[in-house]
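Comments concern the structure below.
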Amino acid sequence: MEKEVLENHKRYLERVSFYRSNGYDLEKERDFILEKSLPISGKILEIGTGKGHFALALAKSGYNFTSIDISLQEQEIAMLNLRYFGLENQVIFKIEDASRMSFPDQSFNVIFSINVFHHLEKSLAVLDEINRLLCNGGKAVLSDFSDKGLEIINACHTAEGRTHDYFKHRLNEAKEYFIRKGFKIMEYQSQVQKVLIAQRL
């Protein structure tokens, strides 16, 4: 296996271990989100690839999907994470601005966006895009940190000498948006993670 892939996987394991030791289990929380999202079928979009933690969970569960991010650098790390497990062919990576995506209307049956919402500068524009891209009967799965989860993540960033930049948007904004649009809403919560599922009727 390529040295770059092995070195990246080592960093991935160190990151998972670091977050777990501070009270946030990355893998457990991704599994929680996936479980609450079932059933999952049809064309799938992930908004916000990041370093590929949720993409990896989706791919390990056997799904093929498209994942977008505004950062090529982040997607390259995600690709290395998937390559370690031989899963890179299950994902189509695209560089896209989530507030104005290039896909045609009603392109996807399921749209995921995990721990992205609090980072969005143009949250309403992104919600409009999700609404535009969802097929009839499709669902959006948005998950973000609970107050406790955000506390932990902020502390982790501080310990790493970084700042956690975010716009403080909360999932309640998305919930109110989807209610106005006539979606059926389901909500779940672990200690550190909130999950909002909006189903188009």
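The values are calculated or read from the model by the stated rules, or taken from the named source; none is laboratory data. Fair warning: this is a prediction, and the values are worked out from it, not measured in the lab. So basically every Cβ, Gly included, is an ideal-geometry build from the backbone, and we count neighbours across all protein chains shown. The accessibility values were calculated without ligands, DNA or RNA, using every heavy atom of the protein model including side chains. Shrake-Rupley method; radii C 1.70, N 1.55, O 1.52, S 1.80 Å.
Taking all protein chains together, Met1, Met186 sort by accessible area into Met1, Met186, largest first [probe 1.4 Å].
Go ahead and set up a Gaussian network model of the chain, Cα springs under 10 Å, then flag whichever of Asn131, Asn172, Asn81 fluctuates most. The residue that fluctuates most here is Asn172. When the surface is traced with a 1.4 Å probe over the full set of protein chains, Asp31 keeps roughly 90 Å² accessible. A DSSP coil position with no more than 10 other Cβ atoms inside 10 Å describes the following GluC sites (Glu not before Pro) in region 1-81: Glu2.
For region 1-74, trypsin sites (Lys or Arg not before Pro) are listed when DSSP marks them as loop and at most 10 other Cβ atoms sit within 10 Å of their Cβ; the list is empty.
Here, P(r) means the percent of Cα pairs in each 5 Å bin from 0 to the largest distance; for region 114-200 it is 3, 14, 24, 23, 16, 10, 6, 3, 1. For a quick check of your reading of the filter: which trypsin sites (Lys or Arg not before Pro) in region 119-169 sit in a DSSP loop and have no more than 10 other Cβ atoms within 10 Å? Those that pass, being in a loop and sparsely packed, are Arg162, Lys168. The longest stretch of the chain left intact once loop-based chymotrypsin sites (Phe, Trp or Tyr not before Pro) with at most 14 other Cβ atoms within 10 Å are removed from consideration, loops following DSSP, is 1-84. For Lys184, neighbours were defined as the other residues whose beta-carbon sits under 10 Å from its Cβ, and their charges (Lys and Arg +1, Asp and Glu -1) total +2. Taken about its Cα centre, the chain carries a charge dipole of roughly 520 debye when the Cβ of each Lys and Arg holds +1 and the Cβ of each Asp and Glu holds -1. Can you give the net charge of the other residues whose Cβ lies under 9 Å from the Cβ of Gln199, counting K and R as +1 and D and E as -1? That works out to +3. The charge dipole of region 33-135, taken about the Cα centre with unit charges on the Cβ atoms of Lys, Arg (+1) and Asp, Glu (-1), comes to about 240 debye, rounded to the nearest 20. Using helices alone, I'd like the mean residue ellipticity at 222 nm for the chain: each DSSP H run of four-plus residues gives -39500 (n - 2.57), total over residue count, nearest 500. Rounded to the nearest 500, it is -13500 deg cm²/dmol. In this structure Glu121 has an accessible area near 130 Å², from a 1.4 Å probe over the protein heavy atoms.
Any chance you could check the Cα centroid distance between region 53-87 and region 175-201 for me, in angstrom? Answer, in whole Å: 25. Per the Debye calculation on region 1-113 with a single equal scatterer at every Cα and no solvent contribution, log₁₀ I(q)/I(0) for q = 0.17, 0.24 Å⁻¹ amounts to -0.85, -1.46. For region 85-147, the equivalent ellipsoid derived from the alpha-carbon gyration tensor has semi-axes of 19, 17, 13 Å in decreasing order. If we count every other residue with Cβ under 13 angstrom of Leu13's Cβ, Lys/Arg +1 and Asp/Glu -1, where does the sum land? Once positives and negatives cancel, what remains is +2.
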